[in-house]
Every structure is written in C-alpha cells, then in structure tokens.
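The values are calculated or read from the model by the stated rules, or taken from the named source; none is laboratory data. Model, not experiment: these values are computed from the prediction. To get the accessible areas, we keep the full protein, side chains included, count just its heavy atoms, and leave off ligands, DNA and RNA. Shrake-Rupley method; radii C 1.70, N 1.55, O 1.52, S 1.80 Å.
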Amino acid sequence: MLAMKNGLFYPSEPCPMHRIFKREPIYYGWYIALALAITETVSFGVIFYAFSVFITPMEAEFGWSRGEISGAFSLMWLITGIFAFPVGYWLDKHGSRLLMTLGSIGATVMVLLWSRVTTLPEFVVVMALLGFCSTAVLYEPAFIVIANWFVSKRGRALAFLTFIAGFASTIFIPLADALLVAQGWRQAVFILGVLLGAITIPLHALVLRRRPRDLGLQPDGESQPAQQGKSESISLGEAVRSRFFWILTLAFALSSLCIVAVRVHFIPLLIGMGIHSSSAAVASGAIGVMQVVGRMIFAAVEWRFSSKTMAIGVFVLLTLALATLLLGTSPLLIVLFIAFFGMAIGTNTLIRPLILADTYGTTFYGRITSSMTFFLTLAGTAAPFAAGVLYDLFNSYNPMLVIVTGLSVVSILLIALLPKSS
C-alpha cells in the first residue's frame, strides 16, 4: 500500500519482503539444546551403546564370564546413580558448564584407559570411575539444563534433544562394530575415546550457560517472564513425602530394569540365535531409529492425552516388545521387537522428565529428578549383571526375558494406580 506525502508516494507499511528477510535472533537456549543433543549422542553412543559390541571379544580374549563383564558395567551404572543427587544439587546451585566439561574430560580418560586394561580388577576400576564421570554427562544433567532454559517450550526442547540423541545407537553400534572388525576391540575403544573427547569437551566448555537471566534473557526467549505454576514451589522434601513420587519411581525403575537388561545383552542374544555379529550390530542400531520414530509420534499425540495415559501407553508398548522375543526367533518377530522396543525406549525417555517438571517445577528439579534417578539407576545396575548371571546359569536368555516381561506388566499396573500428585 502507498500513501501520498508532499506529492510523493511512500509505503504506508513495511514492505512484505522486509518481513521475509528480517530474521529474529535465535534464542540462546536452542544453541544449548543443539550442543547437548550432539554431546548426548556421542556420550551415550560411546559409554553405553558401544559396550554391548565389546562383550563377546573381551570374553574371548580374557576368558571372563559374561556375568563378570556385565557386572563391571552394572557397577558403572550404580556409581552413576549414587552420585546423581550431588550432581543435581550442584546443577541447581551452580549450573552445568564446569561440571559437564570436567565430566567429559574424565569420561574421555576412562574410555582411553579401558582400551588398555589387562586384568579384571583393572577393568572394574575403570568402569567404576567411568560411572562417576558419566553422572555429569548423560541425560539427567542435560534434562536439568533444558528445564532451566525452557518452560512453555520445554516439551519441544526435550523432543529436539532426544530426537537427535536417539540416533546414538544407530550411529555408534555399527561404528563400534566396524572399528572392531578393522582394528580389534582395543583400538576400537581407543578411537571411540578420542572421538568422545574431541566432540563433547569443547561443546560443553564453550556453549553451556547456567540460566537465561545470566545473559539477560527470559526462559523460552520470551520478552516477559514465563508464567510459573503452583508446582514451582514444591520442594524436594514435599516431593519425597508423597505417594505419587514413590509409585512413579517404582514404575519407572521397573521399566528401566527391563530396558537396560535387554539393551545391554541384545547383541549377544542375537548372536546366540545364530545371527552374525555384524548383522546383530545393525539390528541393535536400528533400535535407535525406532526411538526417533517413537519420539515423533509422541510429539504428535502428547497434547491429546494426559501424562498418565501416555505413560501407560509407553509401558504397554515395552511389554509387547519383550513378549515378542518369547514367541520365537523368526525375522518377523525380531523386526517387531526392534520397532516396539525402540519406540518404547524413545518415549520412555521423554515422558519422565515432562511428568516431573510439570508436577514439581524447576526450582528443585535437579534434586528431585536426581533422587528418582538414584533408584532408577539401582534397577539399571542390577539388570545387566542379573541378566548375565541368568545366562551363565541356564545358557539361555529365555529366563531373563520371562522375568522382564512380567516386571513390565507390573509397571503398567503401577502407573494405572498412580494417585493424584497433590
């Protein structure tokens, strides 16, 4: 539109092309979310998912039992849980930058040392120290950071982070297997350790910041402070005195036990079915793709249902996945398992931080989620070791599959009986 002034025509409003080419500044929280998405992909890929690739070659070289090897991994997971609360407390008070940077440095050193172990005690010590460092670099501290930088867009930020990190197994299990075939397990682990440090250390050191207000910003990048709900005032003490917290914790602990037990032993399980190790690695990596698919579906339907309904759906999906492995070893059943299990893992990762942040707010979020993480980690710690021991006793993974399927059913019932949070 043109308007006349002093005999000349001027635009009466900004040109539409001005709107097209004018770019609003990107909220810094999204840079943090992207950095964490990358570092979580690498950290989980190297520390968690690649481990299953090296169980069989380490067993062959050292003669250690599967229970001993998976027991060291379980110890690592236990240490991660033990130190979850002090890490959450630190993050609430001081932010993430220093802690996650130091955690990345320590984790890198431990993975490099892992590639040089020669005795079982050395391996156990390295895994224990790796667990200590992992507390500062895996999902829990990343979720605390996201909870502080986002409020109304928290679900989208979590989905973005976990969408990218969902490819960790898809990338790193085949990569670890390719390195194993080409270089042997020791050099493969060494290369993964170098990759871990080269990517995570600079991103944590250069990108992370404590809270939006440190940069003169509001959460979500809004011009006005985000509205905080009643849950913002709920303290750790109030949370742990409620039945809601403990039933929710038990339900997620059981699901964590089921997921970790099967995830860690999935490649040896497939090899035991007569599947080639490289094909087993590809199948295990495909679970990561289905995690991403599950998160896409979750993001599309989450707003239609309550968090309780979504949690029930997630646990039902996990139970169906576990049950398929009990029905046989046909390719179709394995494909169904990969699809159901991957989607269950992906959505399980999303639903828990959303329930906690929506219920309890962000002021004490680090301490509350870390308190729950401790118990979830205890379950995750027991799972790989127990699965390994069961295999050693029965020379079969079927007893483990029966147990985890039953526990998954119990988790569904617990969520269904979940009381109101207040």
- Return one number: the angle in degrees, 0 to 90 and rounded to the nearest 10, between the long axis of the Cα atoms of helix 168-183 and the longest principal axis of the Cα atoms of the chain. 50 degrees
- Note on the structure: Out of Pro331, Pro86, Pro268, a Gaussian network model of the chain with alpha-carbon springs under 10 Å gives the largest mean-square fluctuation to Pro331
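With every protein chain left in place, what is the accessible area per residue of the stretch 266-401 in square angstrom, probe 1.4 Å? Intermediate values should be presented prior to the final figure.
Numbers: 5090 Å² over 136 residues.
In whole numbers, the stretch 266-401 has 37 Å² accessible per residue.
Can you bin the stretch 52-202 into rounded, prolate or oblate? Criterion: square roots of the alpha carbon gyration tensor eigenvalues sorted a ≥ b ≥ c, rounded for a/c under 1.5, prolate for a/b above b/c, oblate for the rest. Display every interim value, and only then the final one.
Numbers: a/c = 2.20, a/b = 1.65, b/c = 1.33.
Since a/c reaches 1.5 and a/b is larger than b/c, the shape of the stretch 52-202 is classed as prolate.
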- In sequence order, calculated HN-Hα J values of the stretch 240-248 (Karplus, 6.51, -1.76, 1.60; Hz; x Gly/Pro): 6, 8, 9, 5, 3, 4, 6, 5, 4
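So what is the relative contact order for the stretch 32-171, in percent, with contacts set as C-alpha pairs under 8 Å and at least six apart?
On the way: 128 pairs, mean separation 62.7, N = 140.
Relative contact order comes out at 45 percent.
If you rank Val282, Val87, Val194 by how much accessible surface each has, with a 1.4 Å probe, what is the order from largest down? Walk me through the numbers before you get to the answer.
Working: Val282 95, Val87 20, Val194 75 Å².
Ranking Val282, Val87, Val194 by accessible area, largest first, yields Val282, Val194, Val87.
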- Round to the nearest 10 and report in Å² the accessible area of Phe305, as given by a 1.4 Å probe over the protein chains' heavy atoms. 110 Å²
- Message: Rounded to two decimals, what is the ratio between the C-alpha radius of gyration of the stretch 167-303 and 2.2 N^0.38 Å?
- Response: 1.49
- Query: Using only helices, what value at 222 nm comes out for the chain when you add -39,500 (n - 2.57) per DSSP H run of length 4 or more and divide by the total residues, to the nearest 500 deg cm²/dmol?
  - Reply: -25500 deg cm²/dmol
- Item | Calculated from backbone phi, Karplus (6.51, -1.76, 1.60) coupling profile of the stretch 379-391 in Hz, x at Gly/Pro | 5, x, 5, 5, 4, x, 5, 4, 5, x, 5, 4, 5
- Item | Heavy atoms of Ser235: accessible area, 1.4 Å probe, square angstrom to 10 | 30 Å²
- Expressed in square angstrom to the nearest 10, the accessible area of Glu238 with a 1.4 Å probe stands at 90 Å²
- Query: From the phi of every residue in the stretch 339-348, what ³J(HN,Hα) in whole Hz does the Karplus formula 6.51 cos²θ - 1.76 cosθ + 1.60 yield, where θ is phi - 60° and glycine or proline is x?
  - Reply: 5, 5, 5, x, 5, 5, 4, x, 6, 4
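What is the chain's relative contact order, in percent, from Cα pairs under 8 angstrom and six or more apart in sequence?
27 percent
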